[in-house]
Amino acid sequence: MDKNKIGVLAGLSSYIWWGLLSIFWHFLSEVPAFDMLAYRMVWSLVTMLVILSVQKSWGGFFQLTKMLVHSGKIIWIGLCAIFISINWLVYIYMVTHQQAMLASLGYYILPLFNVMIALVFLKEKLLREQWLAVGLATTGVIILTIQTGALPLNTLLMAGSFGMYGLIKRKVPLPATISLTLETMFVFPFAVLYLLFFTNHSLAEYSIQTNMFLLCSGIVTAVPLILFALAAKYADFITLSFIQYINPTIQLLIAVSIFHEPFSMSNVLVFAFIWAGIAVYAFGNVVRKRKKLYE
């Protein structure tokens, strides 16, 4: 099997895994969102330490960490940890509070959010189709705001936090295993302090099934990230730019068919504008990439 096929399969696996995660977190609805986040941080670090040991990557880990500390770039890892923690918290809260459909919307608009981040922070100029795509998505958000009477802050915060996470990671490109290990190391002390002194709940209150799910939260976090790192390394950009929408599509289907969240005609109108923006954005990407191939 050639490397591109391996990359595409890894990408498909990672996006399908992320799409199905809403079911995993839904099984933990009895656990408060902050508690769930803290356990996810703790078990993610434990999982990453095991993975580094199996890969025998400790030498590279300490070498890269030393380099980050001496260059001062370790601060960017800390910021990454903050933004991914915000993303995890908001997503967990939404999925466990009958807002899975709006969570899927956040991942649909994420690529367009990244375009605006590039405009504001990287001073990149937007092409006409990118302006059109952003305009269509913004229209969808405005319609949703008018329909609900409130700005969809959770949706925007989820997309914005992950967009900023991606922006900062561009400044410090690291292997996925080392990056996630450092990020969870940053938040691990806060997670432990919260679980020891601030939460009103303990593991003894939960069923064996719930405790097993919490124990597996580190594994379900690490596996798709490792698969995605493999996809980013081997798969072509055009394919990845399309299959990324598998994740929110699965989330939307789960929200409507399994969680039985309402999906009225007014919701269809909102998503129609978002999907139109995505179509314009994806088509523009394909055209530009194909032009470069033939230049």
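Each value in this text was obtained by applying a stated rule to the coordinates, not by laboratory testing. What you see is a predicted model; the values in this text were computed from it and never measured. No Cβ is skipped: glycine too gets one built from the backbone with ideal geometry, and neighbour counts run over all protein chains shown.
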#### Entry: Highest to lowest packing among 268-276, 124-132, scored as the average C-beta count within 10 Å
268-276, 124-132
#### Entry: Peptides 2-14, 214-226 ordered by average Cβ neighbours within 10 Å, highest first
214-226, 2-14
### Summary
Low-density loop trypsin sites (Lys or Arg not before Pro), the range 29-74, at most 16 other Cβ within 10 Å, DSSP non-H/G/I/E/B, are Lys56, Lys73
### Query
For the chain, what are the DSSP H helices with axial Cα length of 24 Å or more and mean Kyte-Doolittle hydropathy of at least 0.0?
3-26, 33-55, 74-95, 100-121, 128-148, 153-171, 176-197, 208-234, 265-294
## Note on the structure
Options [x] 1.14; [y] 0.97; [z] 1.05 are given for Rg/Rh (Cα atoms, Kirkwood Rh), and the computed one is [y]
### Task
Could you pull out the chymotrypsin sites (Phe, Trp or Tyr not before Pro) across the range 167-221 that fall in loop regions by DSSP (anything but H, G, I, E, B) with no more than 12 other Cβ atoms inside 10 Å?
Phe198
#### Entry: Set of lysines near Lys125 by C-alpha distance (under 22 Å), chain-local residues within fewer than 8 positions excluded
Lys169, Lys171, Lys289, Lys291, Lys292
### Task
Find the centroid of the Cα atoms in the range 243-290 and in the range 5-55, then give the distance between the two in whole Å.
23 Å
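May I ask for the Kirkwood hydrodynamic radius of the range 40-198, worked out over all distinct Cα pairs and given in angstroms to one decimal? Present the calculation step by step, with values, prior to reporting the outcome.
On the way: mean 1/r = 0.0569 Å⁻¹.
Taking every pair of different Cα atoms in the range 40-198, averaging 1/r and inverting gives 17.6 Å.
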